[in-house]
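*Asks:* Attaching a single structure in structure tokens format; questions to follow.
The values are calculated or read from the model by the stated rules, or taken from the named source; none is laboratory data. Every value quoted in this text rests on a predicted model; they were computed, and no experiment measured them. Positions of Cβ are generated from backbone atoms using ideal geometry, with glycine treated the same way; all protein chains shown enter the neighbour counts. Each accessible area value is taken on the protein alone, full model and side chains, heavy atoms only, with ligands, DNA and RNA left out. Shrake-Rupley method; radii C 1.70, N 1.55, O 1.52, S 1.80 Å.
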Amino acid sequence: MNKTFNIKTLGCKVNQYESEAIEEIFKKRGFEKREENADIYVINTCTVTNMSDRKSRQTISRARRENKDAIIAVIGCYSQVKADEVKEIEGVDIILGSRNKEEVVDLCVKFIEDQIKTENVEDFTKKESIEDLEISKQSDMTRAYIKIQDGCNMYCSYCLIPYARGNIASRDLVSIINEAKRLRDNGYKEIVLTGIHVASYGKDFDIKISLIDVIEHIAKIDGIERIRLSSMEPRHITKDFLERMKACKKACDHFHLSLQSGSDEILKLMNRKYDTKLYKKKVDLIREVFPNAGITTDIIVGFPNETEKNHEETKEFIKDIKFSKIHLFKYSKRDGTKASTMKNQVNGNVKKRRSKELSEIEKENTKDFLKKQIGKTLSVLFETKTELKGFKSGYSTNYLRVHTKDDVKVNDIRNVKIISYKEDYLIGEVF
């Protein structure tokens with residue numbers, strides 16, 4: 001039996017989590033991970049943009065070139081929405097979709113035995129179930145991700161994810177708690193709750209349960225010191241949610257609130273379910289309960305029909321909100337989405353110029369937020385040595401990188417008094 005494997009992962013944190021869970025299954029079955037010339041390659045694909053599709057195809061072809069005799073298994077979002085396209089790629093032996101990834105190890109073993117190719121991409125348009133993937137250890141030494149939810153029902157006009165991942169599906173709370181305890185036992189102090197649309201957790205259950213219940217249950221686990229959330233939509237932020245978060249004393253004061261545009265006209269074209277007035281209200285709520293919260297976001301630059309007026313509205317809105325960090329993406333057509341067929345696609349040079357203008361505002365906002373930290377004491381989870389000679393660094397609860405020359409160990413949580421800042425990080429003293 002072929003005994004070495006490698007997993008190539010494209011895309012989001014959910015994909016990364018799933019790949020690490022599959023890696024554990026391989027190892028439990030007696031396989032050994034090998035970075036090059038492996039006997040089995042699993043490519044966990046992404047389809048969020050046309051470029052993601054291309055990168056997925058390139059990764060598949062590269063794996064075949066590394067070992068022409070290897071078993072090639074393609075799984076994930078790209079194979080879910082474009083299985084026929086994957087079948088045309090030379091050398092692919094196994095094709096799975098987005099929600100049956102746990103089968104890949106058994107199918108690889110089966111292929112070794114009978115050399116029969118497999119395609120199992122099920123239509124889960126109406127299916128609301130989550131695969132039984134779990135982990136006990138991750139590549140990150142200090143921060144561990146737990147996937148608590150999959151799927152999305154939002155159908156934004158630029159996005160294929162609901163078609164690639166299906167409807168929302170939540171993970172059993174007991175399974176989540178058990179995984180958190182295993183991760184605690186392996187030394188992890190910070191848990192990041194992740195999913196495709198994490199704020200929708202529990203909405204597919206018959207019982208009344210939500211994201212805040214998950215946070216509160218994990219907070220009761222001794223040894224877990226921090227709980228961090230992945231991206232959320234602003235609509236799900238309420239005063240009750242925030243106050244319960246604060247009361248559990250382990251929730252990080254960092255919120256990645258998806259925005260995408262600061263223009264109500266563009267938000268409507270995107271089929272987002274909020275406007276800038278609601279967004280601002282939710283940010284004010286966060287800062288009322290967590291005064292020093294880091295608030296980060298994503299913005300798509302140059303969406304179809306975005307005028308100079310719309311762009312100026314976005315500029316003024318991000319100046320007003322003062323995000324601690326913004327991830328900027330130039331709009332890229334995604335075949336199969338409503339946005340790809342819209343008239344008035346924005347010229348590439350215009351997108352580049354607008355992106356640069358937003359980036360300059362973001363730099364000023366980040367600098368202002370860093371400056372406000374001087375004199376404050378932040379709790380920092382130290383991770384690693386840095387590129388700065390003689391320093392070690394980690395992240396504060398509000399997700400700022402903090403450097404110190406003091407003697408700290410990896411996975412230490414220490415209070416640090418901030419004494420200065422640089423372009424995108426803080427410097428402090430441990431006490």
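*Asks:* Would you mind getting the Kirkwood hydrodynamic radius of the range 324-423 from its Cα pairs, rounded to one decimal in Å?
*Replies:* Result for the range 324-423 stands at 16.5 Å.
*Asks:* Cα extents of the range 309-349 along the three principal axes, largest first, in whole Å?
*Replies:* Taking max minus min along each principal axis of the Cα atoms, the range 309-349 gives 34, 21, 20 Å.
*Asks:* Straight-line reach from Lys363: which lysines have Cα under 17 Å away, leaving out those fewer than 8 places along the same chain?
*Replies:* Lys315, Lys319, Lys322, Lys325, Lys352, Lys371, Lys372, Lys422
*Asks:* Hey, another quick one. Taking the chain as a Gaussian network, where each spring joins two C-alpha atoms under 10 Å apart, which residue of Lys82, Lys389, Lys315 fluctuates the most?
*Replies:* Of the options given, Lys389 has the highest mean-square fluctuation.
*Asks:* Sticking with this structure for a sec: For the pair Glu364/Asp123, report the inter-label distance in nm, with labels modelled 7 Å from Cα in the Cβ direction.
*Replies:* With each label point 7 Å from Cα toward Cβ, the separation is 5.3 nm.
*Asks:* State in Å² the accessible area per residue of the chain; use a 1.4 Å probe, count heavy atoms of protein chains only, and round to the nearest integer. The partial results should precede the final answer.
*Replies:* Details: 19640 Å² over 431 residues.
Each residue of the chain exposes 46 Å² on average to a 1.4 Å probe.
*Asks:* Working out 0.36 nm times the residue gap between Asn186 and Leu388, then minus their Cα-Cα distance, what length gain in nm do you get to one decimal?
*Replies:* Additional length available on full extension: 69.8 nm.
*Asks:* When only DSSP loop residues count, what trypsin sites (Lys or Arg not before Pro) in the range 212-282 have their Cβ near at most 11 other Cβ atoms within 10 Å?
*Replies:* Numbers: sites: Lys220, Arg226, Arg228, Arg235, Lys239, Arg244, Lys246, Lys249, Lys250, Lys268, Arg272, Lys273, Lys277, Lys280, Lys281, Lys282; in loops: Lys220, Lys249, Lys250, Arg272, Lys273.
Passing sites in the range 212-282 are Lys220, Lys249.
*Asks:* Under the definition of Cα pairs under 8 Å and six or more residues apart, what whole-number percent is the relative contact order of the range 259-330? Show your work: numbers first, answer last.
*Replies:* On the way: 73 pairs, mean separation 31.8, N = 72.
RCO, the range 259-330: 44 percent.
*Asks:* Take every Cα pair under 8 Å in the range 1-108 that's 6+ residues apart, average their separations, divide by the length, and report that relative contact order as a whole percent.
*Replies:* Numbers: 186 pairs, mean separation 27.9, N = 108.
For the range 1-108, the relative contact order is 26 percent.
*Asks:* Now, a different point. Once the principal axes of the Cα atoms of the range 371-431 are found, what is the range along each, listed largest first in whole angstroms?
*Replies:* 26, 20, 19
*Asks:* What translational diffusion coefficient, to the nearest whole µm²/s, does the range 132-207 have by Stokes-Einstein, given a Kirkwood radius computed over alpha-carbon pairs, a temperature of 37 °C and 0.692 mPa s viscosity? Before the final figure, lay out each step's value.
*Replies:* Numbers: Rh = 13.4 Å.
The calculation lands on 245 µm²/s.
*Asks:* When you take every Cα atom in the range 75-202, what is the radius of gyration, and what is Dmax, the widest Cα pair distance, in Å?
*Replies:* 16.5, 45
*Asks:* Let me ask you something else. Taking loop as defined by DSSP and a crowding limit of 14 other beta carbons within 10 Å, which GluC sites (Glu not before Pro) in the range 340-390 fit?
*Replies:* Details: sites: Glu357, Glu360, Glu362, Glu364, Glu383, Glu387; in loops: Glu387.
Answer by residue number: Glu387.
*Asks:* On to the next question. Mind giving me the nanometre distance, one decimal, between the label points for Asp424 and Gln58, set 7 Å out from Cα along Cα→Cβ?
*Replies:* About 2.1 nm separates the two model spin labels.
*Asks:* Return P(r) of the range 9-131 (all Cα-Cα pairs; 5 Å bins starting at 0; whole %; ordered from short to long distances).
*Replies:* All Cα pairs, binned at 5 Å, distribute as 2, 11, 23, 26, 23, 11, 3, 1 percent.
*Asks:* Residues in the range 150-188, backbone N under 14 Å from the label point at His217 (7 Å along the Cα-to-beta-carbon vector): list them, ranges by number please.
*Replies:* Counting only backbone N, you get 170-182.
*Asks:* Taking loop as defined by DSSP and a crowding limit of 16 other beta carbons within 10 Å, which chymotrypsin sites (Phe, Trp or Tyr not before Pro) in the range 130-238 fit?
*Replies:* Values: sites: Tyr145, Tyr155, Tyr158, Tyr163, Tyr188, Tyr201, Phe205; in loops: Tyr155, Tyr158, Tyr188, Tyr201, Phe205.
For chymotrypsin sites (Phe, Trp or Tyr not before Pro) across the range 130-238 that sit outside H, G, I, E and B with at most 16 neighbouring Cβ atoms in 10 Å, the list reads Tyr155, Phe205.
*Asks:* Grab the beta carbon distance between Leu278 and Arg65, set R0 = 45 Å, and tell me the FRET efficiency rounded to 0.05.
*Replies:* Details: r = 50 Å, r/R0 = 1.11.
With a Förster radius of 45 Å, E is 0.35.
*Asks:* Quick one: divide the alpha-carbon radius of gyration of the chain by 2.2 N^0.38 Å and tell me what you get. All intermediate terms of the calculation are to be shown ahead of the outcome.
*Replies:* Values: Rg = 22.4 Å, N = 431, 2.2 N^0.38 = 22.1 Å.
The value comes to 1.01.
*Asks:* Which three numbers, in whole Å and largest first, are the semi-axes of the equivalent ellipsoid of the range 235-313 derived from its Cα gyration tensor as √(5λ)? Don't jump to the answer; show the numbers that get you there.
*Replies:* Numbers: eigenvalues 162, 26, 19 Å².
After diagonalising the Cα gyration tensor, the semi-axes are 28, 11, 10 Å.
*Asks:* Let me ask something additional. Which parts of the range 157-186 would a label at Thr341 reach, counting a residue when its backbone N lies under 20 Å from a point 7 Å out along Cα-to-Cβ?
*Replies:* Flagged as within label range: 157-164.
*Asks:* So what is the relative contact order for the chain, in percent, with contacts set as C-alpha pairs under 8 Å and at least six apart? Present the calculation step by step, with values, prior to reporting the outcome.
*Replies:* Numbers: 856 pairs, mean separation 42.5, N = 431.
Across the chain, relative contact order equals 10 percent.
*Asks:* Could you list, by residue number, the cysteines of the chain that have no other cysteine's beta carbon within less than 4.7 Å of their beta carbon?
*Replies:* Cys12, Cys46, Cys77, Cys108, Cys152, Cys248, Cys252
*Asks:* Would you mind computing the Rg to Rh ratio of the range 231-380 from its alpha-carbon coordinates, Kirkwood style for Rh? Write out the running numbers ahead of the final one.
*Replies:* Numbers: Rg = 16.5 Å, Rh = 16.4 Å.
Using Cα coordinates only, the ratio equals 1.00.
*Asks:* Also, I was wondering about something else. Using the Cα atoms as the points, what is the convex hull volume per residue of the range 153-306 in Å³? Intermediate results must be reported in sequence, preceding the final value.
*Replies:* Values: hull volume 19.1 nm³, N = 154.
That works out to 124 Å³ per residue.
*Asks:* Take every DSSP beta bridge whose two residues both sit in the chain, then give the antiparallel share in percent to the nearest 5.
*Replies:* Details: 21 of 62 bridges.
Among the beta bridges of the chain, antiparallel pairing accounts for roughly 35 percent.
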